[in-house]
Amino acid sequence: MDPGPGTGSEDVGILADSAHAPCAHWLLGGADPRAFGDAQDFETLARVVRGLPSNHSPPYTPVVEPTPSTGVRALVTAARTWMPAP
């Protein structure tokens, strides 16, 4: 599913280009899954998403769990995929 346009205020890509380093920008959802309980089609899903604060707004507060544990698991899995075995 294409979530549509999002804010693009991160400058990490410019820093990576300047350092000639690879870079990946991950978007990790932190919204309460219960907010999406009635979303049975794209229009309803889009309406729910439009009502959520973005990550750079003052009311943004990700769900305490499982947001960080999911993010850490994903990043560790990615790192283990690319790092040589000890």
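Measure nothing but the geometry: give the 0 to 90° angle between the long axis through the Cα atoms of 67-82 and the longest principal axis through the Cα atoms of the chain, rounded to 10°.
Orientation of helix 67-82: about 30 degrees from the principal axis.
For HIS25 and LEU75, compute 0.36 nm times the residue count separating them, minus their Cα-Cα distance, and round to one decimal in nm.
Extending this stretch completely gives an extra 16.9 nm.
Counting helices only, and only those DSSP H runs with n ≥ 4, report the 222 nm mean residue ellipticity of the chain as the sum of -39,500 (n - 2.57) divided by its residues, in deg cm²/dmol to the nearest 500.
Here the helix-only value at 222 nm equals -11000 deg cm²/dmol.
Got a sec to turn the phi values of region 45-50 into Karplus ³J(HN,Hα) couplings, 6.51 cos²θ - 1.76 cosθ + 1.60 with θ = phi - 60°, whole Hz, x for Gly and Pro?
Those phi angles translate into 4, 4, 5, 4, 4, 4 Hz.
Which of [x] 12.1, 37; [y] 16.1, 48; [z] 36.1, 97 is the computed Rg and Dmax of the Cα atoms in Å for the structure on display?
[y]
What size of dipole, in debye to the nearest 20, comes out for the chain about its Cα centre when the only charges are +1 on Lys and Arg C-beta atoms and -1 on Asp and Glu C-beta atoms?
It comes to approximately 240 debye.
Read-outs throughout are calculated quantities, based only on the coordinates presented, and are distinct from any laboratory measurement. The structure presented is a predicted model; accordingly, all values stated were derived computationally and were not measured. Heads up, the Cβs are rebuilt from the backbone with ideal geometry, glycines too, and the neighbour counts pull from every protein chain shown.
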